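Before any comments, here is the structure.
The values are calculated or read from the model by the stated rules, or taken from the named source; none is laboratory data. Keep in mind it's a predicted model, so treat the numbers as computed, not measured. FYI the Cβ positions are ideal-geometry reconstructions off the backbone, even for glycines, and counts take in every protein chain you see.
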Amino acid sequence: MVERTKVKQKEQVNATVTESSATEVSKVGIITVAAFGGLVGLWSLASIIAGMAASGGPLAFIGDWFRAVSGM
């Protein structure tokens, strides 16, 4: 009598991940810092424009700034 045996073959799949979680966290951190930097830049630009409008123009704004810094 001939004996037969079943052989199960296992397939191995090797997946390599090129990006680690530290890389993803760094990307999120950089995007967050850049977004807040952009918001601060827009806020400062809006403040300068509002200051010029309140002073009456760019030259008056510069004069008012010097008076505010020097305390006169």
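Going residue by residue through the stretch 39-56, is there one that turns out to be outside any helix (DSSP H, G or I) and either surrounded by 10 or more Cβ atoms within 10 Å (Cβ to Cβ) or modelled with pLDDT of 95 or more (or both)? Looking through the stretch 39-56, at least one residue is outside any helix (DSSP H, G or I) and either surrounded by 10 or more Cβ atoms within 10 Å (Cβ to Cβ) or modelled with pLDDT of 95 or more (or both).
Contact map, the stretch 17-28: residues that are charged (D, E, K, R) and at pLDDT 80 or above paired with residues that are loosely packed, with under 10 Cβ neighbours inside 10 Å and in a helix (DSSP H, G or I), Cβ distance under 7 Å, separation 6+ or inter-chain. No pairs are found. Given the structure, is PHE66 among the aromatic types (Phe, Trp, Tyr) and either modelled with pLDDT under 95 or part of a loop (DSSP other than H, G, I, E, B) (or both)? Yes: the conditions hold for PHE66.
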